[in-house]
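The values are calculated or read from the model by the stated rules, or taken from the named source; none is laboratory data. Remember, predicted model here, so these are calculated numbers, not experimental data. As a convention, Cβ positions derive from the backbone with ideal geometry for all residues, glycine included, and neighbour counts pool all protein chains shown. Note: accessible area is taken over every heavy atom of the protein model, side chains too, but ligands, DNA and RNA are not part of it. Shrake-Rupley method; radii C 1.70, N 1.55, O 1.52, S 1.80 Å.
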Amino acid sequence: MNAELEFEQYRGRLFSIAYRMLGSVADAEDILQETFIRWMQASRDDIRSAKAFLVTIITRLCINQLQSARVQREEYVGQWLPEPFIIDEDHDPGSLSIAFLVLLERLNPIERAVFLLREVFDYEYAEIAAAVGQSEANCRQILRRARQHVRAERPRFQANEEEHDAL
């Protein structure tokens, strides 16, 4: 199969993963484009599963993006909200609500990746482990912690009294 057609077959899923991890349409599109470039440069001889390869690439790129973006968000005073993206609720039942995206903000990049791949996309632990570069046992533990963080009704960052008054 043509490499471009094979990529197009998974484009929607890849965008969904990137958007749900990053919370920004522009960032998701950028990561999707980077994934496409890496896909086109990859040797097909080394790829056993196009889907697994592409999910691994986009997940790792998103984790890298989140880890670099986390520093910027930690300097931002106020609540970080992801960008809303609703195509058409009737034709996109996988759309996430803003509330769910806010919950995901409580997770670090690896927790977010494991949580989304397991809870939203129903990947097996072996697939998740390969995508995030962790062991299956560690992914189970990461998911357990992620679920705890999602359930916790606490702010992610505490502002001291001076910052609170300044706001």
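Of all residues in segment 126-147, those that are buried (at least 18 other Cβ atoms within 10 Å of the Cβ) have Cβ atoms under 9 Å from Cβ atoms of residues that are assigned to a helix (DSSP H, G or I) and acidic (Asp, Glu), 6 or more apart or on another chain, in ILE128/GLU136; ALA129/GLU136; ILE142/GLU111; LEU143/GLU111; LEU143/GLU119; ALA146/GLU111; ALA146/GLU119.
The set of residues in segment 118-143 being in a helix (DSSP H, G or I), under 17 Å from the mean Cα position of the chain (by Cα) and not basic (Lys, Arg) consists of GLU119, VAL120, TYR125, GLU127, ILE128, ALA129, ALA130, ALA131, VAL132, CYS139, ILE142, LEU143. With respect to the conditions (1) at pLDDT 90 or above; (2) exposed (fewer than 13 other Cβ atoms within 10 Å of the Cβ); (3) not in a helix (DSSP H, G or I), ASP90 lacks only one, and its number is (1). Examine segment 108-118 for a residue that is open to solvent by 70 Å² or more (accessible area, probe 1.4 Å), in contact (Cβ under 8 Å) with a residue 40 or more places away in the chain, out of contact with any His (no Cβ under 7 Å at 6 or more places or on another chain) and among the charged types (D, E, K, R), and state whether such a residue exists. For segment 108-118, residues open to solvent by 70 Å² or more (accessible area, probe 1.4 Å), in contact (Cβ under 8 Å) with a residue 40 or more places away in the chain, out of contact with any His (no Cβ under 7 Å at 6 or more places or on another chain) and among the charged types (D, E, K, R): absent.
Within segment 7-59, restricting attention to residues that are in contact with a helix residue (DSSP H, G or I) (Cβ under 8 Å, 6 or more places away or on another chain) and in a loop (DSSP other than H, G, I, E, B), the residue that is least open to solvent (accessible area, probe 1.4 Å) is GLY23.
Of the residues examined, ARG112 is one that is in contact with a Lys or Arg (Cβ under 9 Å, 6 or more places away or on another chain) and either in a helix (DSSP H, G or I) or not hydroxyl-bearing (Ser, Thr, Tyr) (or both). Here LEU81 meets the list (1) part of a loop (DSSP other than H, G, I, E, B); (2) among the aliphatic types (A, V, I, L, M); (3) at pLDDT 85 or above almost entirely, failing just condition (3).
Evaluation of CYS62 against the conditions (1) of a type in the set (A, V, I, L, M, F, W, C); (2) modelled with pLDDT under 90; (3) surrounded by 16 or more Cβ atoms within 10 Å (Cβ to Cβ) shows that the sole unmet condition is (2). Output yes when any residue across segment 147-165 is at pLDDT 85 or above, in a helix (DSSP H, G or I) and in contact with a Ser or Thr (Cβ under 9 Å, 6 or more places away or on another chain), and no when none is. No, because not a single residue in segment 147-165 is at pLDDT 85 or above, in a helix (DSSP H, G or I) and in contact with a Ser or Thr (Cβ under 9 Å, 6 or more places away or on another chain).
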